[in-house]
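Read the structure below first, then the notes.
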Amino acid sequence: MRSLLSLATVGIVAALATPAIARDQIRIVGSSTVYPFSIAVAEQFGKGKFKTPVVESTGTGGGFKLFCAGVGENTPDIANASRRIKKSEVDECAKNGVTVTEITIGFDGIAFVTDKSAKPANLTAKQIWLAVAKQVPVDGKLVANPHKKWSDVDKSLPDTAITVYGPAPNHGTRDAVIELVMDAGCAEFAEIKALDAKAKAQACNTFREDGAWVDVADAYNVTVDRVLKTPGSLGIIGYGFYENNKSKLNAATIGGVEPTFENIASSKYPVARSLFFYVKREHANVIVGLKEFLAEFTAKKAIGEDGYLVDKGMIPLPKAAYDQTVKDAKDFTKLELTN
C-alpha cells in the first residue's frame with residue numbers, strides 16, 4: 001500500500017512539475033500587416049492533417065503583450081510583427097518563462113493612400129512631418145501645428161484639409177512611420193537639431209491631437225474604409241494590403257519613388273521594413289503541428305520568389321537571409337538581444 005501511495009505521490013508531483021498543454025490547434029496573434037500572410041499560410045496548412053491555426057490581428061505591440069505573458073495552453077504560440085521585438089519585450093518574456101525564436105519572413109513597404117478620385121500626391125518625409133507633427137518650427141520656435149491644409153505645408157500640395165488615418169500605438173507600423181518618416185522629416189530643421197536628445201525625440205515623434213491625425217487601432221481594412229468615406233484624406237497601410245486594394249486606392253510617391261514590388265525589394269522606396277514572426281520555444285515539442293507550421297511558412301512555395309505569399313504582396317528575402325530563416329525555423333534558434 002505504501003509503495004502504491006508513493007508511486008501515486010510521485011505521479012502527482014511529476015504532473016505538477018510538467019505543464020500539460022492539451023491544445024492541438026496553433027494560436028497566433030500580432031501584426032495586422034503580417035495578418036493576411038499568416039492567414040494564407042494557416043489556410044494552406046489546414047488542408048493537411050493538422051487543424052487550421054487561429055490567427056488574431058491584435059497589432060504588433062498587443063501581440064507581444066499576449067505572447068510574453070507566460071507559457072501554457074492559454075497563451076499564444078506565435079506573435080506576428082511588423083517591427084523587430086524590443087529588448088524590453090524580450091526581457092518581459094524571459095521574466096515570465098518565455099524564450100523566443102525570431103523568424104524573418106520578408107519585406108514590406110508602407111503605403112500612403114487616398115481614394116481613387118484623388119490625384120496621387122508626391123510627398124516627402126519633411127512634408128508629412130510638417131502635416132502631422134504636434135509641434136512644428138515657425139519663425140525659429142516650435143509651436144502648435146498651424147497647418148490646416150496640405151497647401152499650407154507646401155503650395156505644390158492639394159488645397160484640401162489634412163486628415164490622416166494612421167496606425168495607433170499598438171501597431172508596429174507606427175514605429176516604422178516614426179523611424180522612417182517622422183525622424184527623417186524633422187531632422188532637416190535647425191530648430192530640431194538644436195534640441196537635446198530627449199526633446200528632439202519628443203518633437204519628432206509626437207503626432208497631432210487636433211483631429212488632423214486620427215489613430216486607427218484596428219486592422220487596415222478599417223483604415224481603407226475611412227479613407228473611402230472621407231475623400232481627400234490620407235491613410236497609412238502596408239504595401240501588401242494596398243496591392244490587394246489597388247482598384248479602390250491611389251498611393252502617393254515618397255521622395256518621387258512609387259511603392260512598388262521592385263522599388264521595395266531594391267530599397268529604393270524609403271518607407272520599407274522587415275516582417276517577422278516570433279515563436280515560443282517552450283511550446284516547440286508540446287503544441288501539435290507547430291514545427292510543421294514553421295516549415296510551411298518558411299518553405300520556398302510560401303515565401304520564396306515564386307511563393308504564394310509573394311502574390312499577396314510580400315517582398316521575398318535574398319538567398320542568404322532566406323537560408324538563415326529556414327535554419328532558425330528548423331532549429332528553434334534562441335534569440336539573443338544585447339540592446
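The values are calculated or read from the model by the stated rules, or taken from the named source; none is laboratory data. Computed from a predicted structure; not experimentally measured. Quick reminder, even Gly has a Cβ in these numbers, built from the backbone with ideal geometry, and neighbours come from all protein chains shown. Note: accessible area is taken over every heavy atom of the protein model, side chains too, but ligands, DNA and RNA are not part of it. Shrake-Rupley method; radii C 1.70, N 1.55, O 1.52, S 1.80 Å.
Would you mind checking the tilt of helix 35-45 against the longest principal axis of the Cα atoms of the chain, expressed as 0 to 90 degrees and rounded to 10? Helix 35-45 and the main axis of the chain meet at about 30 degrees. To test your reading of the geometry: what angle, between 0 and 90 degrees and rounded to tens, separates the Cα axis of helix 220-229 from the longest principal axis of the chain? Approximately 30 degrees, to the nearest 10. Within the assembled protein chains, the solvent-accessible surface assigned to residue 273 is about 20 Å², based on a 1.4 Å probe. The alpha carbon centroids of the stretch 255-301 and the stretch 61-83 are separated by 17 Å. Its Cα centre serving as origin, the stretch 180-309 has a Cβ charge dipole (Lys and Arg +1, Asp and Glu -1) of approximately 180 debye.
Measuring nothing but alpha carbons in the stretch 152-272 and taking Rh as the Kirkwood radius, the Rg to Rh ratio lands at 0.96.
Students sometimes get this wrong: rank 242, 278, 35 by accessible area, probe 1.4 Å, all chains present, largest first.
Details: 242 25, 278 0, 35 80 Å².
Largest accessible area first, the list is 35, 242, 278.
If you place +1 on the Cβ of every Lys and Arg and -1 on the Cβ of every Asp and Glu, how big does the dipole about the Cα centre of the stretch 118-231 come out, in debye to the nearest 20? Each step should come with its number before you reach the end.
On the way: 14 positive and 15 negative charges, 38 e Å.
With only Lys, Arg, Asp and Glu charged at Cβ, the dipole is about 180 debye.
Kindly rank 280-286, 172-178 from highest to lowest mean number of other beta carbons found within 10 Å of each residue. Working shown, then result.
Working: 280-286: 18.3, 172-178: 23.6.
By packing density, highest mean first, the sequence is 172-178, 280-286.
Its DSSP H runs of at least 4 residues, each contributing -39,500 (n - 2.57), put the calculated 222 nm mean residue ellipticity of the chain at -9500 deg cm²/dmol, to the nearest 500.
Normalised by 2.2 N^0.38 Å, where N is the number of residues, the C-alpha radius of gyration of the stretch 184-339 stands at 1.32. Each peptide in 140-152, 49-61, 102-114, 296-308 receives the mean, over its residues, of other Cβ atoms within 10 Å, and ordering these scores from highest gives 102-114, 49-61, 296-308, 140-152. In the chain, taking the dipole from charged Cβ atoms about the Cα centre, the farthest positive-side position among 37, 79, 220 is held by 79. Alpha-carbon geometry of the stretch 206-261: the Rg and the Dmax are 12.0, 35 Å, given in that order. From the alpha carbon centroid of the stretch 194-238 to that of the stretch 122-140 is 13 Å. Estimated from the Cβ-Cβ distance and a Förster radius of 51 angstrom, the FRET efficiency linking residue 52 and residue 198 is about 0.60. Projecting the Cα atoms of 278, 263, 54 onto the charge dipole of the chain, computed from C-beta unit charges around the Cα centre, puts 54 farthest toward the positive end.
Quote the charge dipole size of the chain about the Cα centre in Debye, to the nearest 20; the model charges only the Cβ of Lys and Arg (+1) and of Asp and Glu (-1).
On the way: 41 positive and 39 negative charges, 66 e Å.
Charge dipole, the chain, about its Cα centre: 320 debye, nearest 20.
Amide H contacts for residue 149 (H built 1.01 Å from N in the peptide plane; partners 5 or more residues away or on another chain; cut-off under 5 Å): 162. Rg of the Cα atoms in the stretch 89-184, relative to 2.2 N^0.38 Å, amounts to 1.44.
Near residue 269: Cβ cut-off under 12 Å, other residues only, Lys/Arg at +1 and Asp/Glu at -1. The net charge is -1.
Computed from backbone phi, the HN-Hα couplings of the stretch 202-208 come to 4, 5, 6, 9, 9, 8, 4 Hz, rounded to whole numbers (Karplus: 6.51 cos²θ - 1.76 cosθ + 1.60, θ = phi - 60°; Gly and Pro given as x).
Considering only beta bridges that DSSP places wholly inside the chain, some 70 percent are antiparallel. Farthest toward the dipole's positive end in the chain, which of 164, 313, 114, given Cβ charges of +1 (Lys, Arg) and -1 (Asp, Glu) about the Cα centre? Result: 313.
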